[in-house]
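What follows is calculated from the coordinates using simple rules that are stated; it is not laboratory data. Please read these numbers as outputs of a predicted model, since none were measured by experiment. Virtual Cβ from ideal backbone geometry, glycine too; neighbours counted across all protein chains shown.
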Amino acid sequence: MLRLIDINKYYNPGTVNEMCLFDGFNLDIREEEFVSVVGSNGSGKTSMLNIICGSIPVDNGKIEINGTDITNMPEYKRQMRIGRVYQNPALGTCPNMTILENMSLADNKGKSFNLQLGTNKKRINGYRETLSRLGLGLEEKMDVTVGTLSGGQRQALAMIMATMTPIEFLILDEHTAALDPKTAELIMELTRDIVKEKKLTTIMVTHNLRYAVEYGNRLLMMHQGELVLDKCGEEKHALEVDDILDKFNKISIECGN
Amino acid sequence: MLTLIIGILEEGLAYGVLALGVYITYKILDFPDLSVDGTFPLGGAVTVALISMGLNPLIALLASFLIGAFAGMITGIIHVRFRVRDMLSGIIMMTGLYSVNLRIAGSANVAIFTKDSIFDNSFIDRVVPEGFRPYLVVTLLFVIVLIMKILLDVYLKTKSGYLLRAVGDNETVVTSLAKDKGTIKIIGLSIANGFVAMSGGIFVQRNGFFEISIGTGALVAGVASVIIGINLLGKVSFLKATTTVILGSILYKTCVQIAISFGLVSQDRKLITAILFLIILITSNGRKRRVKAHA
């Protein structure tokens, strides 16, 4: 269970540009929930993910995982339980290292990075098998540097790498936004399979309303740092793209856009 | 002519270890580490101090590596833990080390001609035949550089080495692996400056004297070697990056020697160095731009 309790977050505090993003923001995410998060730009979706991952500090409030306070835990330590895939496919992989080296790195997460050989030869076949399930032919390119791959291939690899070792939470930050529709579809299917297989608690920020409706068992809509819609279970299944679009338009009108 | 070539090879190889160190910071970590200008003479100072005390020259070499690594660690801590900009952390170390080096060496010029060195000791006198003497230094240097290169190659293939490469390639990945990228950078800077200081120790043992100014331009020489090596020879697929960097160091020393042979005196050395470096930077930029235009 992941809890955000009374989160306050100000940007540029003490200046004329001071902006309050979160003022007493609360959110509970239960185990094995797959939460889709939608909302306009600046609504606080990515900031929320950054707060959960520890990429940005909070001004006030508490972040708890299974009852343990992790508010002051540095970002890298939190990653022990978290896998994260970014919007930019380049962020999840090392471009100048080969696919095999990238896979080896990801496989070693949680273990000591000591003076043993970086790639365990016995694991290579396993890596090949995992990659062949993608159907992208990556298993034939183990010694190719990742920088030469396409955005979709890199994102698929990033997805595999982020979920390779046992984690509890999967954080997806618009992870299909930079991809063409067909590849995006493929990545979403991959996401669904991995989440199901590994029983991960997932938070997915997306601008694609169809994905938000089709995938997951809970849907959040954010606006100016607040939750304006929170549907789960049956209510979520009944939702359609048009319902969310209506809500979106209403908010926009209220804002005078 | 042969003496000249051997001289260039010797100098290029002595700086080869430095080039390997700079390769770690400049190319792998993407960190412009100016502390190199201080750690190179630091290695030299430690070496002359220990050899003057009568210590084994090989141990002096190891000691210079360790103390250089310690200095590199401090650069890393200044940058990572106190959030001082990379360039400035190096400059702080470089400036501070100038005094430290003088303290360790005892004065700005220290000669150790009369003492044993790795190139000149009783063991070598006994074993090496007279006819081979002119090639002795270059052979020994070759062996040392080869050992250091292989050590670095092996390290870069370990888990820890993978992480070092990852931190220069994409810091986000290192954080995702639940590792502190700052610590990795500190480790990288340590290893790099260990190499650099050892190179200073080798240089001093070869020349038979220490001079406080040997560090001036050490980074430039290192970066130039790295750029020449990677840009000129990087396309040759059977050469590892570490090999090209060492060859780059020899090529660079050749360029400097050629410039000097055109009638410039050794006072002009640093100016030649600077102009050569500029030419290398400009031409390598041009290549990059052209590649981008095609992409």
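Each label point was placed 7 Å from the Cα along the Cα-to-Cβ direction; for A:Lys250 and B:Val143 their separation is 8.3 nm. Number of Lys-Lys pairs in region A:117-257 with C-alpha atoms under 24 Å apart and a separation of 8 or more places or on different chains: 15.
Subtracting the Cα-Cα distance of B:Ser122 and B:Phe82 from their residue separation scaled by 0.36 nm leaves 9.6 nm. Rounded, prolate or oblate: which fits region B:71-223 when a ≥ b ≥ c are the square roots of the eigenvalues of the alpha-carbon gyration tensor, with rounded for a/c under 1.5 and prolate only if a/b beats b/c? Taking the square roots of the gyration eigenvalues as a ≥ b ≥ c, region B:71-223 is oblate.
Short-range pairs are left out: with C-alpha atoms under 8 Å and at least six residues apart, the relative contact order of chain B is 35 percent. Sort region B:104-154 into rounded, prolate or oblate with this rule: let a ≥ b ≥ c be the square roots of the eigenvalues of the Cα gyration tensor; rounded if a/c is under 1.5, and if a/c is not under 1.5, prolate when a/b is larger than b/c, oblate otherwise. Oblate shape, in that a/c is at least 1.5 and b/c is the bigger or equal ratio.
The length gained by stretching the chain between A:Lys199 and A:Thr71 to full extension, at 0.36 nm per residue less their Cα-Cα distance, is 43.6 nm. Spin-label pair B:Ser213-B:Leu66: with each label point 7 Å from Cα along the Cα-Cβ axis, the two points sit 3.3 nm from one another. Hydrophobic long helices, here whole DSSP H runs in chain B with Kyte-Doolittle means of at least 1.0 and Cα atoms spread over 18 Å or more along the helix axis, are found at B:2-22, B:36-52, B:57-80, B:86-105, B:133-156, B:218-233, B:241-261. For the protein assembly as shown, dividing the convex hull volume of the Cα atoms by the residue count gives 194 Å³ per residue. Principal axis extents of the Cα atoms in region A:118-180, from largest to smallest and rounded to whole angstrom, are 34, 30, 21. Seen from A:Ile56, the other residues with C-beta closer than 11 Å to its C-beta sum to a net charge of -1, counting Lys and Arg as +1 and Asp and Glu as -1. The local environment of B:Phe203, defined by Cβ-Cβ distances under 15 Å, has a net charge of -2 under the rule Lys, Arg +1 and Asp, Glu -1. Here the peptides A:134-142, A:9-17, A:206-214 are ranked by packing, the mean other Cβ count within 10 Å, and the order with the highest first is A:206-214, A:134-142, A:9-17. Taking every residue in B:156-167 and counting other chain Cβ atoms within 10 Å of its Cβ, the average works out to 6.
The modelled label-to-label distance between A:Ser55 and A:Met19, using points 7 Å beyond Cα along the C-beta direction, is 1.6 nm. Each principal axis of the Cα atoms in chain A has its own extent, and those three values, largest first, are 57, 39, 35 angstrom. Remark: relative contact order (region B:194-295) = 26 percent; criterion is Cα-Cα distance under 8 angstrom and separation of 6 or more residues.
For an R0 of 22 angstrom, estimate the FRET efficiency from the Cβ-Cβ distance between B:Asn285 and B:Ser237 and round to the nearest 0.05. It comes to 0.35.
As a length-normalised measure over Cα pairs under 8 Å and 6 or more apart, the relative contact order of region B:136-217 settles at 17 percent. Where a ≥ b ≥ c are the square roots of the eigenvalues of the C-alpha gyration tensor, would you call region B:154-295 rounded, which needs a/c under 1.5, or, failing that, prolate if a/b is larger than b/c, or oblate? Note, shape of region B:154-295 comes out oblate. Tell me, what is the FRET efficiency for A:Asn96 and A:Glu64 to the nearest 0.05, using R0 = 41 angstrom and their Cβ-Cβ distance as r? The value I calculate is 0.60.
Across region B:1-145, Cα-Cα distances exceeding 23 Å account for 44% of all pairs.
Counting beta carbons within 10 Å around each of A:Leu186, B:Leu55, B:Leu271, B:Leu34 and listing the fewest first gives the order B:Leu271, B:Leu55, A:Leu186, B:Leu34. Counted by Cβ distance under 12 Å from A:Glu185, the other residues give a net charge of 0, where Lys and Arg count +1 and Asp and Glu count -1. Applying a threshold of 20 Å to the alpha-carbon distances of B:Lys185/B:Lys240; A:Lys9/A:Lys45; B:Lys149/B:Lys270 flags B:Lys185/B:Lys240; B:Lys149/B:Lys270 as lying beyond it.
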